[in-house]
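The values are calculated or read from the model by the stated rules, or taken from the named source; none is laboratory data. Computed from a prediction, not measured in an experiment: that's the story for all the values here. Because the Cβ atoms are built from the backbone with ideal geometry, glycine has one as well, and the counts that use them run over all protein chains shown. These area figures cover heavy atoms from the full protein model, side chains too; ligands, DNA and RNA do not enter into them. Shrake-Rupley method; radii C 1.70, N 1.55, O 1.52, S 1.80 Å.
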Amino acid sequence: MPFLDHVEELRWRILYSLLAIVVGTLAGWIIVEHVDVIGLLMRPIAPLIPGGKLRVTGPTEPFFITLKFAFVLGLVIASPVVGYHVWAFLVPALYPRERRLIVPALTIGALLFLAGAAAAYLWVLPRALAVLLSFQQGVFDPLITADKYFAFAAQLIIAFGLVTELPLVIVILAALGLVTPQFLARNRRYAIVISAVAAALLAPPDAVSMVLMMVPLWLLYEVGIWCAWVVDRRRARRARAARGAASPAALAAPARARRARRRSTTHAHQIPTS
């Protein structure tokens with residue numbers, strides 16, 4: 001396709017994706033109004049605050065919080081449509097091998113993100129809140145606003161979802177031959193430092209959340225080393241099988257050449273001289 005046709009196709013696919021997000025946001029608003037989504041996300045902090053309710057500091061806050069939740073649900077609802085248009089635009093430029101790799105990688109990546117987000121919501125978030133709100137309980141009376149809590153919870157949940165993608169990233173790099181398990185194991189100390197920096201950047205700005213993210217990130221790095229070792233073993237096994245399949249043909253080629261030379265020599269001796 002000419003360049004302008006690509007631009008035109010991209011424009012229409014972006015418009016269709018935006019329309020899907022708008023429709024998904026409207027559906028998300030209906031879901032938030034009729035399903036207790038906000039109460040579900042408040043469950044980790046409800047036992048730790050007076051009355052089990054968050055506070056608002058302005059008359060417009062309930063509306064904008066509901067709108068934010070509706071938009072997030074709209075993104076989730078519209079993600080299959082957006083993903084289809086992204087895939088349809090990119091797939092003509094991909095080789096068949098790349099197409100076979102991308103679909104499983106995207107599927108596994110989505111499952112890993114959901115697993116990390118669920119672990120953060122069910123295990124990390126309640127414990128982080130309990131530790132943070134346990135300091136100076138006799139001095140401070142917590143007044144947690146809805147905006148502050150949801151920002152904290154969303155940052156922690158999304159960060160854990162992204163962190164759990166690390167083994168998949170390592171597997172992709174190992175499959176492309178960019179890293180080896182020996183390289184990863186040799187640079188483990190640098191990985192620990194990078195894990196601390198990533199935890200400081202991704203987690204909410206407190207030491208408890210940072211530690212709760214740094215430890216799983218380091219463990220996921222160790223899992224990634226094991227996955228890279230599996231990928232390396234499979235590559236070596238395929239290479240040995242390829243050499244084994246090629247060796248009979250390689251051994252047969254000199255034998256055929258020797259037989260051909262013997263036949264030509266015999267034929268030359270049988271020609272009568274004049």
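Tabulated results
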item	result
Heavy-atom accessible area per residue - the chain, 1.4 Å, Å²	67
For R55, distant residues with modelled amide H under 5 Å away	I144, T145, A146
Two-site FRET efficiency, A46 against V215, from Cβ-Cβ distance with R₀ of 22 Å, rounded to 0.05	0.25
Exposure of V131 as accessible area (Å², to 10), given a probe of 1.4 Å and all protein chains	60
Between 0 and 90°, nearest 10: helix 61-90 axis offset from the chain longest Cα axis	10
Over the chain, relative contact order from alpha-carbon pairs under 8 Å, at least 6 apart, %	18
Of A93, A119, A191, the one that fluctuates the most in a GNM where the chain has Cα springs shorter than 10 Å	A93
Mean projected area (nm²) of the alpha-carbon convex hull when segment 20-103 is viewed from all directions	8.2
Rounded to whole Å, sorted largest first: equivalent-ellipsoid semi-axes of the chain, Cα gyration tensor	59, 28, 13
Cα-based helix-to-principal-axis angle, 188-202 vs the chain, degrees rounded to 10	40
Mean projection area, nm², convex hull over Cα of segment 82-126	3.8
Segment 199-243-segment 54-100 distance, computed between alpha-carbon centres (Å)	27
Segment 50-185, accessible surface, carbon-and-sulfur percent (1.4 angstrom probe)	75
Angle between the chain longest axis and helix 207-270 axis [Cα atoms, degrees, rounded to 10]	10
Solvent accessible area, Å² - K68, 1.4 Å probe, full protein context	120
